[in-house]
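J.: Quick one: the structure is below, questions incoming.
The values are calculated or read from the model by the stated rules, or taken from the named source; none is laboratory data. Remember, predicted model here, so these are calculated numbers, not experimental data. Every residue, glycine among them, receives a Cβ derived from its backbone with ideal geometry; neighbour counts consider all protein chains shown. Calculation scope for accessible area: heavy atoms of the full protein, side chains included, ligands and nucleic acids excluded. Shrake-Rupley method; radii C 1.70, N 1.55, O 1.52, S 1.80 Å.
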Amino acid sequence: MTSTTKTNPLWKEAKIKNYLPHMTVPEVEAFLKKSDMVIIPIGALEQHSSHLPIGTDFINGVELCKLIAQERDILVAPVLMAGQSPYHMAFAGSITLSAEVIVKVHMETVESLIKHGFKRFVFMNSHGGNTAITTFLVDQINQKTAAVAVDYAVVTKPFLKEAAPTNITKLDRHAGTGETSDSLFLMPSLVQQEKATATKLTLPNHLAKMLPDVIKEEPIAKLLFLSEGLKAVETGKKTSTKEMTSTGVWGELDPKDATLERGARNIERQIAASVKFIDRWNELIED
């Protein structure tokens with residue numbers, strides 16, 4: 001007799017190699033015979049305007065890690081979806097966690113994986129608000145555990161070829177053309193580009209004056225701008241997202257101008273740089 005029972009109509013996932021949530025115990029044991037390296041994305045659940053999902057940072061981070069893990073033996077182990085996002089809380093659906101919680105969850109994750117034989121950890125921060133947390137977390141792991149941890153942004157930088165647009169004359173950061181382009185490549189079915197809208201930024205005067213230098217990547221201007229920009233309402237800095245932009249886009253370019261081609265180029269650069277770093281790390285620890 002032929003069964004007419006149907007499976008979950010919403011299930012679309014295919015098994016991904018080296019992706020811990022999809023793996024069985026024997027598969028993890030087999031992996032450990034080849035590699036002791038783990039990559040952990042640290043993302044966020046926060047508003048990304050009207051055209052990108054709230055899970056953009058988490059999803060894009062996980063998807064990039066998965067792609068890297070198809071090229072080299074590195075275990076992808078996401079454990080926390082939300083990050084530090086207090087400045088987005090005026091937008092419905094955003095979630096923010098304290099730095100202490102984020103560090104504690106990831107420290108306990110590393111301690112668990114160490115017990116199974118993993119020794120090397122790469123933390124990929126896919127949300128700007130987690131930058132300082134990632135730096136501290138990496139140091140705490142190196143200071144307090146038997147493992148060695150590194151920051152993805154730091155270790156891949158030497159291997160990244162300059163291919164970013166050089167004709168940018170306006171600010172383009174959160175939910176802008178760059179992030180939307182990456183999303184068109186990494187999670188195309190979740191991008192609603194037809195709903196994207198340009199925004200008019202309202203910045204405190206002294207930050208507005210910094211913009212030309214920030215756009216040119218002048219290091220001191222950029223450091224000061226990001227130290228003050230995108231901070232919670234409670235700080236009184238007048239730089240929470242809602243205070244600067246009604247749409248949630250923190251940039252002056254129209255996200256409708258994002259392209260799949262730009263996203264593909266950027267992700268290909270990231271994967272190539274990641275592979276070169278992994279190969280170099282493996283080379284340096286060979287007996």
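J.: Say whether the condition of being open to solvent by less than 10 Å² (accessible area, probe 1.4 Å) and touching a strand residue (DSSP E or B) at 6+ places or on another chain (Cβ under 7 Å) is met by at least one residue in the range 85-92.
T.: Yes: the range 85-92 contains one or more residues that are open to solvent by less than 10 Å² (accessible area, probe 1.4 Å) and touching a strand residue (DSSP E or B) at 6+ places or on another chain (Cβ under 7 Å).
J.: Given (1) out of contact with any helix residue (DSSP H, G or I) (no Cβ under 9 Å at 6 or more places or on another chain); (2) at positive phi, where does Gly117 come up short, assuming only one miss?
T.: (1)
J.: A further question follows. For the range 248-264, what are the residues that are open to solvent by less than 40 Å² (accessible area, probe 1.4 Å) and part of a helix (DSSP H, G or I)? Steps first, please.
T.: Pass one, the range 248-264, residues open to solvent by less than 40 Å² (accessible area, probe 1.4 Å): 248-251, 255, 258, 263-264.
Correct list: Pro255, Gly263, Ala264.
J.: Scan (1) in contact with a strand residue (DSSP E or B) (Cβ under 8 Å, 6 or more places away or on another chain); (2) modelled with pLDDT of 95 or more for the single condition Glu252 breaks and write down its number.
T.: (2)
J.: Which residues, counting only those in the range 97-137, are surrounded by fewer than 19 Cβ atoms within 10 Å (Cβ to Cβ), free of Cβ contacts under 8 Å to residues at least 60 places away in the same chain and within 12 Å of Ala44 (Cβ to Cβ)?
T.: Thr131
J.: Being farther than 22 Å from Glu108 by Cβ and open to solvent by 10 Å² or more (accessible area, probe 1.4 Å) is the filter here; which residues of the range 56-80 pass it?
T.: If we filter the range 56-80 for residues that are farther than 22 Å from Glu108 by Cβ, which is where we start, we get 56, 59-60, 63-64, 66-73.
Listed by number, the residues that qualify are Ile59, Asn60, Glu63, Leu64, Lys66, Leu67, Gln70, Glu71, Arg72, Asp73.
J.: Anything in the range 50-103 that is among the small types (Gly, Ala, Ser) and under 17 Å from the mean Cα position of the chain (by Cα)? List them, or say none. Talk me through it step by step, then tell me what you get.
T.: Narrowing the range 50-103 to residues among the small types (Gly, Ala, Ser): 50, 55, 61, 69, 77, 82-83, 85, 90, 92-94, 98-99.
Those that are among the small types (Gly, Ala, Ser) and under 17 Å from the mean Cα position of the chain (by Cα): Gly55, Gly61, Ala69, Ala77, Ala82, Gly83, Ser85, Ser94, Ala99.
J.: Check Ala44 against each of (1) closer than 26 Å to Glu111 by Cα; (2) open to solvent by 10 Å² or more (accessible area, probe 1.4 Å) and name the one condition it does not meet.
T.: (2)
J.: Does Val62 satisfy the criteria of being in a loop (DSSP other than H, G, I, E, B) and closer than 30 Å to Phe277 by Cβ?
T.: Working: in a loop (DSSP other than H, G, I, E, B): no; closer than 30 Å to Phe277 by Cβ: yes.
Considered against the rule, which asks whether it is in a loop (DSSP other than H, G, I, E, B) and closer than 30 Å to Phe277 by Cβ, Val62 comes out as no.
J.: Checking the condition in a helix (DSSP H, G or I), β-branched (Val, Ile, Thr) and surrounded by fewer than 17 Cβ atoms within 10 Å (Cβ to Cβ), which residue from Ile278, Ile220, Ile267 passes? Can you show your working first?
T.: Numbers: Ile278 fails: surrounded by fewer than 17 Cβ atoms within 10 Å (Cβ to Cβ); Ile267 fails: surrounded by fewer than 17 Cβ atoms within 10 Å (Cβ to Cβ).
Selected residue: Ile220, the only one of Ile278, Ile220, Ile267 that is in a helix (DSSP H, G or I), β-branched (Val, Ile, Thr) and surrounded by fewer than 17 Cβ atoms within 10 Å (Cβ to Cβ).
J.: Within the range 227-241, can you find the residues that are surrounded by 16 or more Cβ atoms within 10 Å (Cβ to Cβ) and either of a type outside the set (Val, Ile, Thr) or at pLDDT below 95 (or both)? Lay out the reasoning, then the answer.
T.: Step one: of the range 227-241, the residues surrounded by 16 or more Cβ atoms within 10 Å (Cβ to Cβ) are 228-233, 237, 239-241.
Glu228, Gly229, Leu230, Lys231, Ala232, Lys237, Ser240, listed by residue number.
J.: For the range 143-171, enumerate the residues that are crowded, with 18+ Cβ neighbours inside 10 Å and modelled with pLDDT under 95.
T.: Answer for the range 143-171, where residues must be crowded, with 18+ Cβ neighbours inside 10 Å and modelled with pLDDT under 95: just Leu171.
J.: Turning to a different aspect of this structure: Can you pull out the residues in the range 234-261 that are closer than 17 Å to Ala198 by Cβ and under 20 Å from the mean Cα position of the chain (by Cα)?
T.: Thr241, Gly248, Val249, Trp250, Gly251, Pro255, Ala258, Thr259
J.: What residue, among those in the range 194-213 that are open to solvent by 80 Å² or more (accessible area, probe 1.4 Å) and not acidic (Asp, Glu), is nearest to Gly251 (Cα to Cα)?
T.: Pass one, the range 194-213, residues open to solvent by 80 Å² or more (accessible area, probe 1.4 Å): 194-195, 200, 202, 205-206, 209.
From the residues that got through so far, the ones that are not acidic (Asp, Glu) too are 195, 200, 202, 205-206, 209.
Details: Lys195: 16, Lys200: 8, Thr202: 10, Asn205: 16, His206: 17, Lys209: 15 Å.
That would be Lys200.
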